[in-house]
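The values are calculated or read from the model by the stated rules, or taken from the named source; none is laboratory data. Treat the numbers as computed from the prediction; the structure is a model and nothing was measured. Note that each Cβ is placed from the backbone with ideal geometry, even for glycine, and that neighbours are counted across all protein chains shown. Accessible surface areas use protein heavy atoms only, side chains included; no ligands, DNA or RNA. Shrake-Rupley method; radii C 1.70, N 1.55, O 1.52, S 1.80 Å.
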Amino acid sequence: SNFLEWHRNPSTQETDGFQVKRPGDKAVKCTINLQLDYQPQNFKLDPRLGRLLGIHTATRPVIVTSLWQYIKTNKLQDPIHRDTINCDTYLQSIFDCATLKFSDIPFKLNPLFQQPDPIVIEHVVMVEPGETKSVTHWDISVEVDDTLKQQMNNFLVSTVTQQEIMTLDQKIYETVDNIKALKTKREFMLSFASDPYGFINKWLISQSRDLKVMLNIEGDPEEERKAEFYQKDWLREGVCRYFYAKVQQRRAELERDLGVRQLGNSNS
């Protein structure tokens with residue numbers, strides 16, 4: 001069997017492909033292993049941690065973020081020492097420790113990182129007489145950088161852009177306030193148009209209630225301005241109690257005055 005390797009290095013020119021030729025007169029089975037050059041670098045996780053996090057191959061930030069999400073979901077962060085993780089049964093079996101510092105996570109993860117699996121393609125080179133040449137295609141999913149990412153970063157960090165955003169935000173707030181004010185005015189006009197008499201009556205009651213609150217007035221001025229208010233059963237008792245209190249007050253004053261005069265006559 002023949003084994004052929006081609007390695008890419010920093011000085012390798014960009015190329016669309018290469019050809020491998022082998023003389024022979026029989027069909028040849030070959031296995032093509034493609035090791036993708038991930039940018040940023042990807043890692044294959046240890047099967048135990050991979051099953052726990054639901055990740056097979058990912059970048060370092062994605063793996064660390066998933067681990068932190070697992071810690072938060074299962075409430076493994078120590079409530080007193082916030083920089084300490086209390087490992088559950090699964091993490092203990094993976095990291096071989098009961099507790100773990102946040103600063104130790106990168107060192108603990110490094111032994112669990114492996115090279116991603118290569119893409120394996122089984123191919124047969126046909127050289128039989130009369131065999132027509134054919135082209136075989138394979139689709140391989142690869143990650144590429146978002147072309148708008150850098151533009152978005154420049155847009156967000158620009159001070160001029162920030163000022164424009166703040167100006168637009170202020171205009172949005174003012175527009176929303178204006179819409180609310182117009183909505184209130186519209187409801188006011190629609191209520192008046194549908195029932196002018198009832199609307200004015202309710203509006204006067206509301207204004208009277210507001211005035212009562214502002215002036216700290218007791219009672220109900222709206223009811224007290226009507227004649228029916230003074231024809232109720234409790235009014236007679238209220239009047240009697242009022243005059244009785246006044247009579248008692250006046251009697252006390254007279255007794256006090258008479259007592260002073262009698263005391264003056266006896267001394268003379």
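Among residues of region 96-114 being free of Cβ contacts under 8 Å to residues at least 40 places away in the same chain and touching a strand residue (DSSP E or B) at 6+ places or on another chain (Cβ under 8 Å), the one that is farthest from Ile80 (Cα to Cα) is Lys108.
Taken over region 69-80, the criterion of being open to solvent by less than 60 Å² (accessible area, probe 1.4 Å) and in contact with a helix residue (DSSP H, G or I) (Cβ under 9 Å, 6 or more places away or on another chain) is satisfied by Tyr70, Ile71, Leu76, Gln77. Only one entry in Asp96, Asp83 is touching a Phe, Trp or Tyr at 6+ places or on another chain (Cβ under 8 Å), open to solvent by 60 Å² or more (accessible area, probe 1.4 Å) and acidic (Asp, Glu), namely Asp83. When restricted to residues that are open to solvent by 20 Å² or more (accessible area, probe 1.4 Å), farther than 15 Å from Phe95 by Cα and out of contact with any Pro (no Cβ under 7 Å at 6 or more places or on another chain), region 44-68 contains 8.
The rows are residues; the columns are (1) open to solvent by 70 Å² or more (accessible area, probe 1.4 Å); (2) hydrophobic (A, V, I, L, M, F, W, C); (3) farther than 26 Å from Asp25 by Cα; (4) out of contact with any Leu (no Cβ under 7 Å at 6 or more places or on another chain).
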| residue | (1), (2), (3), (4) |
| --- | --- |
| Leu112 | no, yes, yes, no |
| Gln115 | yes, no, yes, yes |
| His123 | no, no, no, yes |
| Met126 | yes, yes, no, yes |
| Val144 | yes, yes, yes, yes |
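Within region 185-212, residues that are more than 18 Å from Glu223 (Cβ to Cβ) and open to solvent by less than 90 Å² (accessible area, probe 1.4 Å) reach partners that are assigned to a helix (DSSP H, G or I) and not aromatic (Phe, Trp, Tyr) with beta carbons closer than 8 Å, at six or more positions or on different chains, in the pairs Phe192/Ile200; Phe199/Ser191.
For every residue, the table says whether it meets (1) over 30 Å from Pro10 (Cβ atoms); (2) under 28 Å from the mean Cα position of the chain (by Cα); (3) in contact (Cβ under 8 Å) with a residue 60 or more places away in the chain.
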{"site": "Gln39", "(1), (2), (3)": "no, no, yes"}
{"site": "Arg60", "(1), (2), (3)": "no, yes, no"}
{"site": "Lys72", "(1), (2), (3)": "yes, yes, no"}
{"site": "Gln77", "(1), (2), (3)": "yes, yes, no"}
{"site": "Asn86", "(1), (2), (3)": "yes, yes, no"}
